[in-house]
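Novice: Just dropping this structure here.
The values are calculated or read from the model by the stated rules, or taken from the named source; none is laboratory data. On a predicted model such as this, the values are computed, not experimentally measured, just so you know. Reconstructed Cβ throughout: ideal geometry from the backbone, glycine too, with neighbour counts over all protein chains shown.
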Amino acid sequence: MLEVEKISKSTWLNESELYKCVHCGFCLQACPTYLATGLETESPRGRIALMKAVNEGRLEISNQVMRHWDLCVQCRACEDVCPSGVPYGNLIESTMDHVRDYRRIGLLPRLAYEIALKYLLPNQKNLSVLVAMMDFYIKSGFQKLVRKTKILRLISRRLENLEMMTPALNGEFFRADGHVYQSGMADAEKIQMLTGCIMPLTQGNQMRAAVRVLNKAGKDVEIPSSQVCCGAINSHVGDVEKAKELARENIEAFSKDNIDGAIVVASAGCGARMKEYGPLLADDPEYSSKAANFSKRVIDINEYLIGTQLQPGESGVRRAVTYQDSCHLANVQKVRDAPRNLLKSIQGVDFCELKQSNICCGAGGTYMITEPEMSKKILANKMKNIIDSGADTITTANPGCFMQLQNGIREAGLDVEVKYVTDLLDETYTKK
């Protein structure tokens, strides 16, 4: 049990943002945790009310208060429907950053937390060692033995549930090694691409498919070698200073050789974070201008491909396909039509709209790990809608969503594949 110190009136929030909320309730039906529980305290309006109460000194930060903030998936769907323009993402990130000083956790959990956030996720080389160990665990047959004997259940049910979320590894790692993937076309434009942290290690084949599609669009793709994690996960869990540090590193990495073309991102969460480097570093005298210019260069891969007038290959893809909006692509980047239009351009695709596609799947970066119970409640409704769609393929735009949907499909025993839009486009060029 966490022990929390009592504090006086707080000043960590931007009050001009906080008091934009008029508690109209438009956010309620967009919030996945409110829809899953029906509780006011698990809605953006309820969480903001708690922020206001603490800010005004009417309420002290406690375990119970923090719990309601912790249960926020940070999907930012509330921002998309808010008539008052409340920047909820800023408020919840500032809140999570502030309450880190009032959490009291054990030495081992604290150590694991610090290692993961400061030394694993931000560094692809370090993270690749962990993923390589996970690959050995799967391929050696040890995973099958562990699951068959249910030995982890004797130790901890939570540990067993965590092991069940071990992601499938798709091909060799896709490394940020400075390589330029040539399109083979004369006078091709050179663009840059973020690899991110998790996606290139667990979904290497998907990253390669994305590069091949960009090459088909006539672009040479450079993968800067000194790039790092985008910082999204750090900012979500309250480590804003580390997120700023990572932002500065990426700005430098993608600014070498005076390249000022597009920075294409295949992960919706990473793209959203990078497009907001400007506000994140607004108070940094050295990087504020650089960050603002950097963010203007960032573009989601689906949005970018639509702008290239890409033509799918002649080999059709005969699938019943639906699309799950990744929250940070739809709610933050406002990109909704591009993925759908790309899918509809593929010969043979029978596209069907997914009911409540705008509602979060419950992945939320590390949320599926830190809040597995609520994550599964949110996912359950998504699985029902996938079944009702009749699709044999569900596409999405973010690695967390990809893994969350795969887990839900496996547990439900469905014969459904999870793909990125670029995976299906790539099939039209490579399918024999």
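Novice: Pairs, please: C-beta under 7 Å, at least 6 apart or cross-chain, first residue closer than 17 Å to CYS401 by Cβ and in contact (Cβ under 8 Å) with a residue 40 or more places away in the chain and in the stretch 195-216, second of a type in the set (S, T, N, Q) and part of a loop (DSSP other than H, G, I, E, B)?
Specialist: GLY196/SER267; MET199/SER267; THR202/ASN170; GLN203/ASN170; GLN206/ASN170; MET207/THR195
Novice: Where in the stretch 339-423 are there helices (runs of 4 or more DSSP H), lying fully within it, with 3 or more residues that are modelled with pLDDT of 95 or more?
Specialist: Qualifying helices (runs of 4 or more DSSP H): 372-389, 399-412.
Novice: To continue, here is another question. Go through the stretch 205-241 residue by residue and tally those that are modelled with pLDDT under 95, crowded, with 20+ Cβ neighbours inside 10 Å and among the charged types (D, E, K, R).
Specialist: So the answer is 1.
Novice: List pairs: first residue in the stretch 70-85 and under 20 Å from GLY238 (Cα atoms), second residue charged (D, E, K, R) and part of a helix (DSSP H, G or I) anywhere in the structure, Cβ distance under 7 angstrom, at least six positions apart or on different chains.
Specialist: LEU71/GLU42; CYS72/ARG47
Novice: Any residue in the stretch 372-393 that's more than 17 Å from PHE351 (Cβ to Cβ): show its pairings with residues that are surrounded by fewer than 17 Cβ atoms within 10 Å (Cβ to Cβ) at Cβ separation under 6 Å, as long as the two are six or more apart or on different chains.
Specialist: PRO372/ASN161; MET383/ALA412
Novice: Moving on to the next point. Can you list residue pairs whose Cβ atoms sit under 7 Å apart, with the first residue in the stretch 325-338 being within 16 Å of TYR304 (Cα to Cα) and the second being among the aliphatic types (A, V, I, L, M) and part of a loop (DSSP other than H, G, I, E, B)? Count only pairs 6 or more apart in sequence or on different chains.
Specialist: LEU329/VAL335; LEU329/ALA397
Novice: Name the residues in the stretch 408-426 that are more than 23 Å from GLY271 (Cβ to Cβ) and of a type outside the set (Gly, Ala, Ser), would you?
Specialist: ILE409, ARG410, GLU411, LEU414, ASP415, VAL416, GLU417
Novice: Since HIS236 meets every condition but one in (1) under 23 Å from GLY362 (Cβ atoms); (2) over 16 Å from the mean Cα position of the chain (by Cα), which condition does it not meet?
Specialist: (2)
Novice: Look at the stretch 127-155 and say how many of its residues are under 21 Å from ALA116 (Cα atoms) and either under 23 Å from the mean Cα position of the chain (by Cα) or loosely packed, with under 13 Cβ neighbours inside 10 Å (or both).
Specialist: 10
Novice: Which residue, of ALA36, ALA49, is out of contact with any Asp or Glu (no Cβ under 6 Å at 6 or more places or on another chain) and in contact (Cβ under 8 Å) with a residue 40 or more places away in the chain?
Specialist: Sole residue among the options that is out of contact with any Asp or Glu (no Cβ under 6 Å at 6 or more places or on another chain) and in contact (Cβ under 8 Å) with a residue 40 or more places away in the chain: ALA36.
Novice: Let me ask another. If I ask for residues that are under 19 Å from THR195 (Cβ atoms) and of a type outside the set (Gly, Ala, Ser), which ones from the stretch 376-418 would you list?
Specialist: Scanning the stretch 376-418 gives THR396, ASN398, PRO399, CYS401, PHE402, MET403.
Novice: Can you tell me which residue in the stretch 248-263 is surrounded by the fewest Cβ atoms within 10 Å (Cβ to Cβ), limited to those that are out of contact with any Lys or Arg (no Cβ under 8 Å at 6 or more places or on another chain) and of a type outside the set (S, T, N, Q)?
Specialist: ASP257
Novice: Residue under question is VAL65, and the condition is that it be touching a residue at least 40 places away in the same chain (Cβ under 8 Å) and of a type in the set (Val, Ile, Thr); does it hold?
Specialist: No, not satisfied.
Novice: Here's another thing I want to ask about it. Given the criterion over 28 Å from the mean Cα position of the chain (by Cα), modelled with pLDDT under 95, among the hydrophobic types (A, V, I, L, M, F, W, C) and buried (at least 16 other Cβ atoms within 10 Å of the Cβ), identify the matching residue among VAL4, VAL22.
Specialist: VAL4
Novice: If you scan the stretch 66-105, which residues turn out to be buried (at least 18 other Cβ atoms within 10 Å of the Cβ) and of a type in the set (A, V, I, L, M)?
Specialist: MET66, LEU71, VAL73, ALA77, VAL86, LEU91, ILE92, MET96, VAL99, listed by residue number.
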